[in-house]
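Heads up, the thing below is written out as structure tokens.
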Amino acid sequence: MGAGAHSSDSGQRWWNVSPVRAYVDRLAREMPAQWPSPAAEGGEVITRPWEMGETLMLGLRLIREGVAEAIFTGGLASHWRKPTEGLSEI
């Protein structure tokens, strides 16, 4: 919630307009209820491959924790096996 804020729910992500004035103006309008928000500026559907890529890239930023093996063995791994086969041999 707020100007420039990003949110996600049920495989969708959206973001609000960034300028505070634009955010306030959009919320002040008498508009029918909109999902996700009348202040939303854009959005995207997060596909399984997209989610996997983000999980991996964000996980690589964690120095101690890294990417949890359980995340990939819990369903994400099946989508990565084919594209990554043989990479350990390189």
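Please treat every number below as a calculation from the coordinates, not as lab data. Small disclaimer: the values here were computed from a predicted structure and weren't measured. Quick reminder, even Gly has a Cβ in these numbers, built from the backbone with ideal geometry, and neighbours come from all protein chains shown.
Some observations on this one:
- If you take all other residues with their beta carbon under 11 Å from the beta carbon of S8, and give Lys and Arg +1 and Asp and Glu -1, the sum is -3.
- Environment charge of G43, counting only residues whose C-beta is closer than 11 Å and scoring Lys/Arg +1, Asp/Glu -1: -2
- Cβ-to-Cβ counts within 10 Å put M1, M52 in ascending order as M1, M52, the fewest first.
- Residue among P19, G42, G4 farthest towards the positive dipole end of segment 1-69, charges placed on Cβ: P19
- Residues W14, W50, arranged from fewest to most other Cβ atoms within 10 angstrom of their Cβ, appear as W50, W14.
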